[in-house]
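All remarks here apply to the structure that follows.
The values are calculated or read from the model by the stated rules, or taken from the named source; none is laboratory data. Since this is a predicted model, take the numbers as computed values, not measurements. Cβ coordinates were reconstructed from backbone atoms using ideal geometry, including for glycine residues, and neighbour counts include every protein chain displayed.
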Amino acid sequence: MKGSLMGGRRLSAALILAVLALFAVACTGDSESPPATAFAGTDGGPLFAQACASCHGSDLRGTDQGPPFLDAIYRPGHHADASFFLAVKNGARAHHWHFGNMPPVAGLDDAQIEAIVAFVREQQRVAGVE
C-alpha cells in the first residue's frame, strides 16, 4: 500500500507540474507579439501614418526604429512593390540597415497594403527617388 501511495503522489505532482506548464505557455505564448490592430479604409497616406510611420517616419525619412523609404535603396528598381508587400505580410530580415528584423504588420488586408505601397511610391516620385 505504501508503494502505491508514493506512486500516486508522484503522479499527482507530475500532473500538477504539467498543468502549470501548459498554463504558463498559454499565458505567455502571445505576449511577445503585439495584438493586431484593425486598420480602416484604403487611403494609403492615413494607413501609412497608422501602420508604418512610427518606424519609417511620418515624412518617410526614417526614425531610430526603421529606415527611410526616401533612400535610393528603396527605389522601384531595387525593391519592387512586391518586396514591400511581402515585408508587411511576413516581416523582413535586416539586410541593408542595422535596425533589426522587421516584424509582420498584422491587421492590414491586401488592398490596404497595396494602397500603402502606392503612397510610398508617390512620395518617392515627389522626392525624386526613382
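Write out, first by first residue and then by second, each pair whose Cβ atoms fall under 6 Å of each other, whose residues are 6+ apart or on separate chains, and whose first residue, in the stretch 71-88, is within 20 Å of GLN112 (Cα to Cα) while the second is assigned to a loop (DSSP other than H, G, I, E, B).
VAL88/VAL105
Would you call SER58 surrounded by fewer than 14 Cβ atoms within 10 Å (Cβ to Cβ) and modelled with pLDDT under 95?
Considered against the rule, which asks whether it is surrounded by fewer than 14 Cβ atoms within 10 Å (Cβ to Cβ) and modelled with pLDDT under 95, SER58 comes out as no.
Any idea how many residues of the stretch 70-92 are part of a helix (DSSP H, G or I) and farther than 15 Å from ASP110 by Cα?
Going through the stretch 70-92 one residue at a time, the tally reaches 3.
Of the conditions (1) modelled with pLDDT of 50 or more; (2) under 30 Å from ASP110 (Cβ atoms), MET1 satisfies every one except a single condition; which number is it?
If we test MET1 against (1) modelled with pLDDT of 50 or more; (2) under 30 Å from ASP110 (Cβ atoms), just (2) comes out false.
Quick check on my filter: what residues within the stretch 37-66 are within 20 Å of GLY91 (Cβ to Cβ), of a type in the set (S, T, N, Q), touching a helix residue (DSSP H, G or I) at 6+ places or on another chain (Cβ under 7 Å) and touching a residue at least 12 places away in the same chain (Cβ under 8 Å)?
Correct list: GLN65 only.
Suppose we filter the stretch 93-115 for residues that are among the hydrophobic types (A, V, I, L, M, F, W, C), outside any helix (DSSP H, G or I) and out of contact with any strand residue (DSSP E or B) (no Cβ under 7 Å at 6 or more places or on another chain); how many remain?
5
With respect to GLU130, is the statement that it is part of a loop (DSSP other than H, G, I, E, B), among the acidic types (Asp, Glu) and touching a residue at least 24 places away in the same chain (Cβ under 8 Å) true?
So GLU130 passes the test.
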